[in-house]
Amino acid sequence: MLALSNTMLVIAILLASPALALALDLNSFRAEHKLPPLTYSATLAGAAYGHAHDMARRNHLDHNGFAARAKVSGGTAAENVSWGCEDQDCAIRQWAKSPGHRKNMLMKGVSAYGIASATSENGRKYWVMELGN
């Protein structure tokens with residue numbers, strides 16, 4: 001019988017158990033593609049929070065008001081929106097599978113991001129990611 005070290009055993013369990021896979025965040029996704037990390041911005045997170053709550057209130061997914069939010073970024077800007085995920089890991093993975101959203105997350109010329117979610121009265125969770133400078 002082959003003896004496994006504790007480290008090897010943990011790695012084997014993680015690889016065999018998708019439910020235990022490491023969470024994906026924006027900067028680890030960018031690192032996988034050899035791009036620099038982005039700085040978390042409270043300003044962009046505030047813009048994401050406002051839009052997520054507005055969509056949840058209206059129970060409607062959209063980019064309404066993006067031009068105004070883009071001005072907050074001070075330059076290059078992009079926005080990802082989605083609904084249905086319970087956590088940030090799911091939202092990042094959902095966006096990573098969509099060519100347009102993926103392009104935004106891998107955008108060069110941005111240095112900061114903010115992300116937020118809000119839940120509508122019917123329980124649908126909305127997510128917004130703002131990218132800018």
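The values are calculated or read from the model by the stated rules, or taken from the named source; none is laboratory data. Model, not experiment: these values are computed from the prediction. FYI the Cβ positions are ideal-geometry reconstructions off the backbone, even for glycines, and counts take in every protein chain you see. Note: accessible area is taken over every heavy atom of the protein model, side chains too, but ligands, DNA and RNA are not part of it. Shrake-Rupley method; radii C 1.70, N 1.55, O 1.52, S 1.80 Å.
Accessible area of H51 (1.4 Å probe, protein heavy atoms only, ligands and nucleic acids ignored): about 10 Å².
The Cβ shell under 14 Å around A23 holds other residues with a net charge of -4, Lys and Arg each +1, Asp and Glu each -1. The overall shape of region 22-92 is oblate: from the C-alpha gyration tensor, with semi-axes ordered a ≥ b ≥ c, the ratio a/c is 1.5 or greater and a/b is no larger than b/c. For region 11-133, the convex hull spanned by the alpha carbon atoms encloses 105 Å³ per residue. Rounded to 0.05, the FRET efficiency of the D62 and T39 pair, given R0 = 25 Å and the Cβ-Cβ distance, is 0.40.
Residues L131, L106, sorted by accessible area with the largest first, give L106, L131 [1.4 Å probe; ligands and nucleic acids excluded]. When the surface is traced with a 1.4 Å probe over the full set of protein chains, M107 keeps roughly 40 Å² accessible. Listed by chain and number, the lysines whose alpha-carbon sits under 19 Å from that of K71, ignoring those within fewer than 8 places in the same chain, are K108.
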